[in-house]
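Structure first, commentary second.
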Amino acid sequence: MMTIEELHTNPAYQDALVDLLYQLADDDFIVAYRGSEWLGLAPHIEEDVAFSSISQDTMGHATMLYELLESIGEGDANALAHARKADERKNAILLEMVNGSGTYLQEPKYDWAFAVVRHYCYTLAKTIKMKSLQQSSFEPLAQLAVKINMELHYHLLHWKTWFTQLMKIPGESQERMVAAWDRVMKDMKGVLALGSYEEDLVKYNVMTNETQLMHSWMQEMQSLISNYHLPIEVRLKMNSGNGRLGEHSKDLEDALNTLSSVYRIDPTAAW
Amino acid sequence: MIHAKQVEEALHQVKDPEIDTVSIVDLGMVENVTVDHAHIIVKLLPTFMGCPALEIIKNNVEATLTQSIKGIEKISVQFLYSPPWTSSRITERGMKQLKAFGIAPPPKQMDATGEWHVDCPYCQSTYTTMDNLFGPTACRSILYCHTCKNPFEAMKPVSTI
């Protein structure tokens with residue numbers, strides 16, 4: 001087992017670990033932000049309560065991961081969340097994409113089908129990663145993964161219900177869900193990608209490899225598709241670029257400008 | 001000389017900010033209390049990590065201890081995620097107090113599919129259905145009782161299994 005205190009003895013281990021922690025933290029951070037933009041706009045009030053609660057919990061996970069980075073010496077957790085530029089971020093591109101046309105304040109024409117498919121696919125991927133990370137050689141991360149996984153059970157249950165029900169209803173519901181599914185598939189591979197340090201992550205037993213992650217994800221999804229007779233196929237692609245390498249869209253820049261506007265007024269303020 | 005026991009006693013006064021009948025001790029959130037001369041260290045386990053009440057609980061712990069124990073020089077409140085909080089940490093008394101507040105305590109068992117059932121905290125009817133897995137906070141769900149026609153909340157069961 002590796003601890004924070006011993007990390008300096010193995011710089012290659014530390015580099016790979018830090019890269020992975022940024023991926024996990026940035027994924028949760030931006031997907032929670034996109035979720036929070038739905039507040040007040042979800043299909044009904046019960047969903048508003050549930051979705052905001054899930055987004056808040058996901059932001060809580062991002063906070064723990066940024067704090068873990070802080071304890072490794074990467075700098076202040078708040079600054080890591082708010083002050084890093086788009087090209088320094090490691091989140092998958094799929095998670096930064098806007099919810100739809102318009103903005104939160106002006107004519108938000110958000111796509112609920114896209115929200116359901118993206119959040120379900122992401123939550124399943126995160127669950128699979130957390131299961132692997134429970135065996136991680138980096139002790140604090142293994143412990144954190146146990147805690148996150150317990151909470152994630154409920155997130156997954158929630159999104160699975162929406163996903164299977166909307167996929168089954170013929171007509172507009174199914175058509176829009178299938179269209180959203182096709183869109184998500186185009187970049188879902190980027191969520192399961194592990195970036196340039198994959199080899200070291202596996203070598204030092206920080207986590208399992210990308211191929212295994214994709215295999216587990218496809219297997220889980222495939223069994224859901226056959227159990228519920230869903231009219232979709234799994235085809236993982238990464239068309240918009242690899243966020244793990246710092247490649248991002250304008251959507252991320254716009255999101256960062258909005259979400260960090262209060263932070264930038266006074267970065268030293270205590271909230 | 002401050003004793004850890006004194007501190008634990010005082011912590012019974014710190015209630016959940018939203019459920020003022022139950023203390024953080026009975027909710028099973030207090031993992032450890034240590035006293036190093038006049039420095040008190042309280043280690044707490046959050047129920048859910050995205051819980052917005054954590055900062056309030058932390059402030060309440062500091063305020064309560066400062067008021068009830070003399071001679072404190074420093075109080076450190078830390079939140080740990082290991083061991084993880086589970087709903088089995090809630091005491092018997094905590095279970096009763098939750099129910100008195102109108103919140104069904106978490107069921108002790110979940111079946112293999114992760115599904116669970118609780119009775120109505122008002123009329124004890126077993127004829128209840130889940131309305132919303134996610135209630136006003138991440139740790140609670142909203143249910144409906146078809147016998148007394150009341151909506152009610154339940155604390156989610158959380159376990160490592």
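For segment A:32-171, how big is Rg over Rh, using alpha carbon atoms and the Kirkwood form of Rh?
0.99
Just report the Cα centroid separation between segment A:71-128 and segment A:182-225, whole Å.
Cα centroid of segment A:71-128 versus Cα centroid of segment A:182-225: 18 Å apart.
How long are the semi-axes of the ellipsoid equivalent to segment A:7-265, from square roots of 5 times the Cα gyration tensor eigenvalues, in whole Å, largest first?
Each semi-axis is √(5λ); the values are 28, 22, 16 Å.
In segment A:158-252, what chymotrypsin sites (Phe, Trp or Tyr not before Pro) fall in a loop by DSSP, with at most 11 other Cβ atoms inside 10 Å?
Numbers: sites: A:159, A:162, A:163, A:181, A:197, A:204, A:217, A:228; in loops: A:204.
The qualifying sites: there are none.
Taking the Cα centre of the protein assembly as shown as origin, work out the dipole magnitude from +1 charges on Lys and Arg Cβ and -1 charges on Asp and Glu Cβ, in debye rounded to 20.
Here the protein assembly as shown has a charge dipole of around 840 debye.
Where does the Debye-calculated log10 I(q)/I(0) of segment A:35-81 sit at q = 0.15, 0.26, 0.30 Å⁻¹, using only Cα point scatterers of equal weight, no solvent?
With no solvent term, the Cα-only Debye profile gives -0.48, -0.81, -0.95.
Using a Gaussian network model on chain A with a 10 Å cutoff between Cα atoms, which of A:195, A:241, A:171 fluctuates the most?
So, out of A:195, A:241, A:171, the one fluctuating most is A:171.
If the reach is capped at under 14 angstrom between alpha carbons, list the aspartates and glutamates near residue A:85, excluding any in the same chain fewer than eight residues apart.
Qualifying aspartates and glutamates at Cα under 14 Å: A:26, A:96, A:247, A:251, A:253, A:254.
Given +1 on the Cβ of Lys and Arg, -1 on the Cβ of Asp and Glu, and no further charges, what dipole in debye does segment B:4-79 carry about its Cα centre, rounded to the nearest 20? The partial results should precede the final answer.
On the way: 6 positive and 11 negative charges, 39 e Å.
Dipole magnitude for segment B:4-79 comes out near 180 debye.
At q = 0.19, 0.20, 0.25 Å⁻¹, what base-10 log of I(q)/I(0) does the Debye formula yield for segment B:4-79 when every alpha carbon is treated as an equal point scatterer in vacuo?
For the requested q values the scattering log ratios are -0.72, -0.79, -1.25.
What FRET efficiency would be calculated for the residue pair residue A:186, residue A:48, taking the C-beta separation as r and a Förster radius of 22 Å, to the nearest 0.05?
0.15
What percent of all Cα-Cα pairs in segment A:139-271 falls in each 5 Å bin, counting up from 0?
The distribution over segment A:139-271 is 2, 8, 11, 15, 16, 17, 15, 9, 4, 2, 0, given as percents.
To the nearest µm²/s, what D does Stokes-Einstein give for segment B:91-155 at 25 °C and 0.890 mPa s, using the Kirkwood radius over alpha carbon pairs as Rh? Intermediate values should be presented prior to the final figure.
Working: Rh = 11.8 Å.
The calculation lands on 207 µm²/s.
Quick check on the protein assembly as shown: what are the equivalent-ellipsoid semi-axes from the Cα gyration tensor, as sqrt(5λ), descending, whole Å?
Those come to 35, 29, 20 Å.
Based on alpha-carbon atoms only, what is the radius of gyration of segment B:1-152 relative to the globular estimate 2.2 N^0.38 Å?
Relative to the 2.2 N^0.38 Å estimate, segment B:1-152 comes out at 1.17.
If exposed means no more than 12 neighbouring beta carbons inside 10 Å and the site is in a DSSP loop, what's the longest run of chain B without any exposed GluC sites (Glu not before Pro)? Can you show the working numbers first?
On the way: sites that count: B:73, B:115.
Segment B:1-72 is the longest.
Which of the cysteines in the protein assembly as shown are isolated, no other cysteine C-beta under 4.7 Å?
So far as the 4.7 Å Cβ criterion goes, A:121, B:51, B:139 stand without a partner in the protein assembly as shown.
Read-outs: derived from the displayed coordinates by stated rules, not from any lab. Small disclaimer: the values here were computed from a predicted structure and weren't measured. For neighbour counting, all protein chains shown are included, and Cβ atoms are generated from backbone atoms with ideal geometry for every residue, glycine included.
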